Amino acid sequence: MKEVLNVEEIFAENVFTMGKMKERLPKSVFKAVKKVMEHGGELSLADADVVAKAMKDWAVEKGATHYTHWFQPLTGITAEKHDSFVAHPDEDGRMLMEFSGKELIKGEPDASSFPSGGLRATFEARGYTAWDITSPAFLKESGTGVTLCIPTAFCSYTGEALDKKTPLLRSMEAVS
């Protein structure tokens with residue numbers, strides 16, 4: 001007999017949805033996240049730490065050991081900068097898994113391989129990722145394991161858009 005797939009049950013099971021945030025975040029932090037999503041601005045580092053812990057705990061419960069700042073550079077394919085939740089063993093030799101608000105909000109992948117229109121100094125080749133709080137984080141399962149994917153925007157040292165998301169976010173801001 002063929003197994004019946006219950007789509008309603010599995011829909012968004014690997015997405016850190018607003019519902020999951022509401023369940024896992026203190027009311028005040030959830031309210032702050034919604035405010036930033038709806039009206040713009042920045043999440044405080046203290047609130048970002050709470051979101052990062054909740055996001056990490058949810059991802060680890062589903063088997064994730066790594067996270068990535070996931071973006072769409074102008075190369076036409078997606079790109080990812082991977083890091084591990086695994087920090088270091090504690091004094092008893094148990095593995096510690098950490099993920100901070102600072103790590104959630106900003107990353108610094110090397111952008112030297114992305115098109116720039118000319119030569120530039122090494123420090124100017126740096127690209128910076130910034131968490132797009134309006135897009136939900138999600139889990140990607142592969143043969144190497146489960147990774148928490150954090151949708152991000154990707155900009156150059158000078159603020160130039162190096163991805164397809166930044167112009168979209170900027171135009172949405174202008175229209176608002």
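General remarks:
- Neighbourhood net charge (15 Å Cβ-Cβ; Lys/Arg +1, Asp/Glu -1) for VAL146: -3
- Using bins of 5 Å that start at zero, the share of Cα-Cα pairs per bin across segment 19-58 amounts to 6, 28, 34, 25, 7, 1, in whole %.
- Its relative contact order, with pairs defined as Cα atoms under 8 Å and 6+ residues apart, puts the chain at 23 percent.
- Placing dummy labels 7 Å off each Cα toward the beta-carbon, the span from LYS140 to GLU3 is 2.5 nm.
- Rg and Dmax of segment 14-92, based on Cα coordinates, read 14.9, 46 Å.
- In this rough spin-label picture, where each label sits 7 Å from Cα along the Cβ direction, the SER171-LYS35 distance is 3.1 nm.
- Accessible surface calculations at 1.4 Å, restricted to protein heavy atoms, place segment 1-108 at 67 Å² per residue.
- Whole-number D in µm²/s for the chain (Stokes-Einstein; Kirkwood sum over Cα pairs; 37 °C, 0.692 mPa s): 185
- Environment charge of THR68, counting only residues whose C-beta is closer than 11 Å and scoring Lys/Arg +1, Asp/Glu -1: 0
The values are calculated or read from the model by the stated rules, or taken from the named source; none is laboratory data. Because the structure is a prediction, the values reported are computed rather than measured. So basically every Cβ, Gly included, is an ideal-geometry build from the backbone, and we count neighbours across all protein chains shown. Remember, those area values only see protein heavy atoms, side chains included, never the ligands or the DNA or RNA. Shrake-Rupley method; radii C 1.70, N 1.55, O 1.52, S 1.80 Å.
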